[in-house]
Structure formats: C-alpha cells, structure tokens
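Below is one structure; the comments refer to it alone.
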Amino acid sequence: MFLKTDSHELRPEINSSTSSSNEINLQRLDISALNLDSYAILQHVQFPNHRIRIKKTVFCDPTVNVYTGYLDVDAGAKHLFFYFFESRGDPARDDVMMWINGGPGCSSSTGLLMELGPCSIDMNSTSSNGTLWNPYSWNQAVNIFFLDQPVGVGFSYADYGKTIQTTEEAAKNVHAFITIFFETFTQFSGRPLHLSGESYGGRYLPVFASEIYDQNIIARQEGRTELNLQSVIIGNGNTGISTLYRGRYEIECGTAALETPVQSISKCVRMKTALPRCQQRMRHSCLDQFDLIDCRAAINFCDSEISAGMWASGRNVYDISKMCVGDSLCYDEITAIKEYLDMPKTRELLGVETTNNFTSCSPDFNHFFGSLQRSKAGASGISGMLQVGYSQASVTNDSRGI
C-alpha cells in the first residue's frame, strides 16, 4: 500500500508478511528492475480499487524489454491483461502509446500479432516460438501497451459476477492504469501519450481521452502530475452506428472498392429504401432519447435490412475486395493466434493465470454493446477532443464493410 504525504509524495508501507508467489510492493522504480520470476505489485493511494501486477518476459521481441501483467480492478475481482513493449528506438525518451482493438469485445492481441505489433503470428510454423519479428512495428518509434479490455476478452477475466461494463467505466480503469504505471516508473512520467485503436475504438478512445482530460483538471488542482495526452489515432473508427449503416450501403452498393457492387440491384434498392427509416428509428430511440427496448428493435431492423446482406455475401467484412476464409472473423490468423496464446509454454512465458482460456472476441459484448453502447455516437467526443487541443488522426479505407 502507498501512503500520501502532505507534499503529495508516495512512500511505501512496509508489509513484512511473506508472499507465496514472491510478490513485492513497489513505490517508485526503474522498470528495468523487474524480473522474470515474479510479479511486482503497483498500488496508488488515489486508486484504492486498482492495482497493477507486472513482470518481465522474453515474449515476441528479443530486441527490447518486454513486460506483461494485469490491472486488477474492483479490489481484485476483475483482471485486465496487458503487454508492454519498450521502443526499439530510444526507450528512455520516446513517446508512449496504448493500442486497443475494437469489436466491441475483441482482444488487442489481434493488433499485436497481426497488424502493428513487434511480432506477427507465424502461419508457416517455422519459427521456434510461433511468431516472426516485425520490422514495421510501431515500437520502432514508441513504447507501446496492448490492453485486453473489457474484462472477458483476451486473457482478461473476472473472479465472479458479470464482466460487462460500460465504456465510461472502462475509461476510468484505463486512466487509473496509466497513472499508476507512470507514477511508479517515473522515467515515463510526463512523456507524450497517444491513444490508438481501430473499429469500435472510435467509440472507446474519445471517451478515454475525455476521462483523462477531466482527471487532469483534478490532478492539477491537487498538485499531482497530469497525463501528457497528445493525440488520439483511430483506424476505420465506428464513431456512430447510424453513420456506419449509411457507410455500409455506400460500400456494398457503390463501386469505390470493387468494379461492381457487392449487392444486387434489387437488394440495393431495398437497402436504400430502408436506410432513412433505419436512421430515423436510431436517432429517435437510441440517440435523442434512449429506450432500451425500442433501441434494440431499431438496431435489429437496421441489421436485418442493411447489414445482413454483407454477411450472407461471403465477403470479408473487413476488406470486401476479398472473400471470407477460415472460421474466425474471416482470417485464419485469428485462429492461429488463439491456438498459439493458449499453448502452455506461451501462457507460462506471459505469466497468464490458469483460470481462463484466451478469447479472441466475445459475442456477449457484441450483443450487449449492440443496444446499450454501440448506438452512442462518438463523433461528439472527437469534436470535444479537438476543442480542448488534442490532435486526432483518422485512417479509413473504402473496402471495409464493418
């Protein structure tokens, strides 16, 4: 436990009890002091319901220091798993970035092992550890986190009770996590921070940035260090489901991605006819005022009239220029990632708890967020970020159907 003095310094309260797992409590420390054999426990007086367990590992990228662990939430009832890779450039000076995949309810291991991470899943199984070094990783220039959130995806889990939470609750956890990390490993304190993600990250990240901004005001008033959030980067962001439906019509019935539309003329006519009604029902039941039953009915109508055709077409919803392959989100790599991360030797390397299997994407969250969270617009959050001075970058392509 850490106690706060009048000068806002943190000092450790010594606990003489012996831990069977050799866990130790830390105050302020250089991250390189962590070891491979046991978790260090990081706590903060401002966040009594949060703590970080972190250890060093040799996973994925042999050229940098790598760490994994859990953010324990609600007095240890919920556990969010994370990876942290130091920069290949100048880790002592480079910025810090957090990457979060979308879904909602999908593990950030997809970004780590398939997109921008320090290594990629080895589909040919020629590598001794199941991965291949990625020379184009974003950690060429930044220190980067990959966080499995919400609870119930990736290696994140709950001891009991329901795991589903709102985006606003998730934002509080992310703020607590970054603050505890930066104020313990003070070499990162004050570094420029960047939040990045894709897909449903268009909803997550503006809310996370808003929470950091609001908490920075409180920290400033109390004389504590603020988080130096500089930018938010969103790839193919879902900033509002009403906009998403309009985009699906344009992608499936236009010629931006393919020479000919994905859907037939009759299907496109039906989609175009349904679109205004879809948007009107969404706006009335989900946005202007929220009614759970009516909002679910509106989304079900929009899904059946506008979204169902894409899934039935056999096209890859993430790149409609391709056909869907495999039995997991149209990419064989997703299945390979799950199989690799669930291997006993990989789990041991990562320090993963034995209580749960790896979950690439949880359908529970898609159903829940479909009516309660997915309907909320993220565009207003992006506007708010720009108004207070945060930089925001959006990357999109014209062949993504979801």
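The values are calculated or read from the model by the stated rules, or taken from the named source; none is laboratory data. Computed from a predicted model, the values in this text were never measured in an experiment. Cβ: placed from backbone, ideal geometry, glycine included. Neighbour counts: every protein chain shown.
Miscellaneous remarks
- Residues of segment 286-334 classified as under 30 Å from Ile121 (Cα atoms), out of contact with any strand residue (DSSP E or B) (no Cβ under 7 Å at 6 or more places or on another chain) and touching a residue at least 24 places away in the same chain (Cβ under 8 Å), total: 11
- Residues within segment 66-114 that are of a type in the set (Asp, Glu), in the same structural domain as Thr186 (by TED's automatic domain parsing) and closer than 21 Å to Arg347 by Cα, tallied: 1
- Hey, Ile144 of a type outside the set (Ser, Thr, Tyr) and in contact with a Leu (Cβ under 6 Å, 6 or more places away or on another chain) or not: no
- Residue among Ala209, Ala170, Ala219 that is crowded, with 23+ Cβ neighbours inside 10 Å and free of Cβ contacts under 8 Å to residues at least 60 places away in the same chain: Ala170
Residue-wise test of (1) surrounded by 13 or more Cβ atoms within 10 Å (Cβ to Cβ); (2) of a type outside the set (A, V, I, L, M, F, W, C); (3) modelled with pLDDT of 90 or more.
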| position | (1), (2), (3) |
| --- | --- |
| Asp342 | yes, yes, yes |
| Lys345 | no, yes, yes |
| Glu348 | no, yes, yes |
| Thr355 | no, yes, no |
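- Here Ile24 meets the list (1) modelled with pLDDT of 90 or more; (2) surrounded by fewer than 19 Cβ atoms within 10 Å (Cβ to Cβ) almost entirely, failing just condition (1).
- Those residues of segment 38-53 which are without any contact (Cβ under 8 Å) to a residue 60 or more places away in the chain, among the aliphatic types (A, V, I, L, M) and not in a loop (DSSP other than H, G, I, E, B), in sequence order: Ala40, Ile41
- Ser231 touching a residue at least 40 places away in the same chain (Cβ under 8 Å), surrounded by fewer than 19 Cβ atoms within 10 Å (Cβ to Cβ) and either under 16 Å from Asn101 (Cα atoms) or small (Gly, Ala, Ser) (or both): yes
- Positions within segment 312-326 being part of a loop (DSSP other than H, G, I, E, B) and out of contact with any Ser or Thr (no Cβ under 7 Å at 6 or more places or on another chain), in sequence order: Gly314, Val317, Tyr318, Cys324, Val325
- Only a single criterion out of (1) surrounded by 19 or more Cβ atoms within 10 Å (Cβ to Cβ); (2) closer than 20 Å to Asn236 by Cα; (3) of a type outside the set (Val, Ile, Thr) is not satisfied by Asp303, namely (1).
- Residues that are touching a Gly at 6+ places or on another chain (Cβ under 7 Å) and either assigned to a helix (DSSP H, G or I) or of a type in the set (A, V, I, L, M) (or both) within segment 223-270 comprise Ile234, Arg248, Ile251, Glu252, Lys267, listed in sequence order.
- Within segment 310-336, if we keep just the residues that are surrounded by fewer than 15 Cβ atoms within 10 Å (Cβ to Cβ) and touching a helix residue (DSSP H, G or I) at 6+ places or on another chain (Cβ under 8 Å), the residue that is farthest from Thr260 (Cα to Cα) turns out to be Asp327.
- Verdict on His194 being touching a Ser or Thr at 6+ places or on another chain (Cβ under 7 Å) and in contact (Cβ under 8 Å) with a residue 24 or more places away in the chain: yes
- Residue that is surrounded by the fewest Cβ atoms within 10 Å (Cβ to Cβ) [pool: residues in segment 287-300 that are assigned to a helix (DSSP H, G or I) and among the hydrophobic types (A, V, I, L, M, F, W, C)]: Ile293
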